[in-house]
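Enquirer: Here it is, the structure in full.
The values are calculated or read from the model by the stated rules, or taken from the named source; none is laboratory data. Quick caveat, the model's predicted, so the values are computed rather than measured. Positions of Cβ are generated from backbone atoms using ideal geometry, with glycine treated the same way; all protein chains shown enter the neighbour counts. For the accessible areas, the whole protein counts, side chains as well, though only heavy atoms, and no ligand, DNA or RNA atoms are used. Shrake-Rupley method; radii C 1.70, N 1.55, O 1.52, S 1.80 Å.
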Amino acid sequence: MNDNQKQKKKFRNSSKWIKFRKHIANKFDNKDAISGYPLRKGYNVHHLLLDETKYEDITNEDNFIPLNKQIHETLHICYRYQSLDSGFMDRLKTYVDRMIKLNTNN
């Protein structure tokens with residue numbers, strides 16, 4: 001574990017973060033911001049602003065959303081691909097929409 005990861009872990013274990021995490025979950029009625037499903041034990045509060053130098057800045061709560069683990073991981077994967085290829089999200093949406101159409105017309 002590098003120093004940056006150690007600092008993040010220390011922050012995530014702080015009472016300040018734990019209180020903030022609960023506040024964000026309550027703000028979203030204890031539901032995952034994307035799926036709308038109830039938050040599960042071990043849910044994440046996702047930083048929308050990914051600037052590492054501002055990791056501990058919780059002054060703007062609009063920069064945070066609660067997510068269940070799989071949704072959180074999926075969001076990071078999609079962001080990673082989008083940052084490499086600006087057409088990624090459009091193609092993803094095209095195929096998800098096609099899947100929906102094919103699977104609701106049966």
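Enquirer: Between TYR37 and LEU84, what is 0.36 nm times their sequence separation minus the Cα-Cα distance? Round to one decimal in nm. Intermediate results must be reported in sequence, preceding the final value.
Expert: Values: separation 47, 0.36 × 47 = 16.92 nm, distance 2.97 nm.
That works out to 13.9 nm of additional length.
Enquirer: Now, a different point. 222 nm [θ] for the chain, helices only, -39500 (n - 2.57) per DSSP H run of 4+, per residue, to 500?
Expert: Value at 222 nm, helices only, nearest 500: -17000 deg cm²/dmol.
Enquirer: Are any of the pairs LYS9/LYS54; LYS9/LYS41; LYS27/LYS93; LYS6/LYS31 more than 21 Å apart by Cα-Cα distance, and if so, which? Don't skip to the end; give the middle numbers.
Expert: Working: LYS9/LYS54 15 Å; LYS9/LYS41 18 Å; LYS27/LYS93 28 Å; LYS6/LYS31 29 Å.
Long pairs (Cα-Cα over 21 Å): LYS27/LYS93; LYS6/LYS31.
Enquirer: Could you give me D for the chain, from Stokes-Einstein at 4 °C and 1.567 mPa s, where the hydrodynamic radius is the Kirkwood radius over C-alpha pairs? Units µm² s⁻¹, please. Numbers along the way, then the final one.
Expert: Details: Rh = 15.7 Å.
The calculation lands on 83 µm²/s.
Enquirer: Still on this structure, please answer the following. Return the carbon/sulfur percentage of the accessible area of the chain, one whole number, probe 1.4 Å, all protein chains in place.
Expert: Of all accessible area on the chain, carbon and sulfur atoms account for 53 percent.
Enquirer: Given labels modelled 7 Å from the Cα in the Cβ direction, how far is it in nm from GLU61 to ASP3?
Expert: Spacing of the two 7 Å Cα→Cβ label points: 3.4 nm.
Enquirer: List, in order, the whole-Hz ³J(HN,Hα) value for each residue of region 82-92 obtained from phi through the Karplus relation with A = 6.51, B = -1.76, C = 1.60 and θ = phi - 60°; use x for Gly and Pro.
Expert: Going residue by residue, I get 4, 5, 8, 8, 5, x, 4, 5, 5, 5, 4 Hz, with x marking Gly and Pro.
Enquirer: With every protein chain kept in place and ligands, DNA and RNA left out, what is the accessible area per residue of the chain? Probe 1.4 Å, answer in Å². Please list the in-between numbers first.
Expert: On the way: 8330 Å² over 106 residues.
With the other protein chains kept in place, the chain gives 79 Å² per residue.
Enquirer: Further question: For helix 15-27, what angle does its Cα long axis make with the longest principal axis of the chain, in degrees from 0 to 90 and rounded to 10?
Expert: Here the helix axis deviates by roughly 30 degrees.
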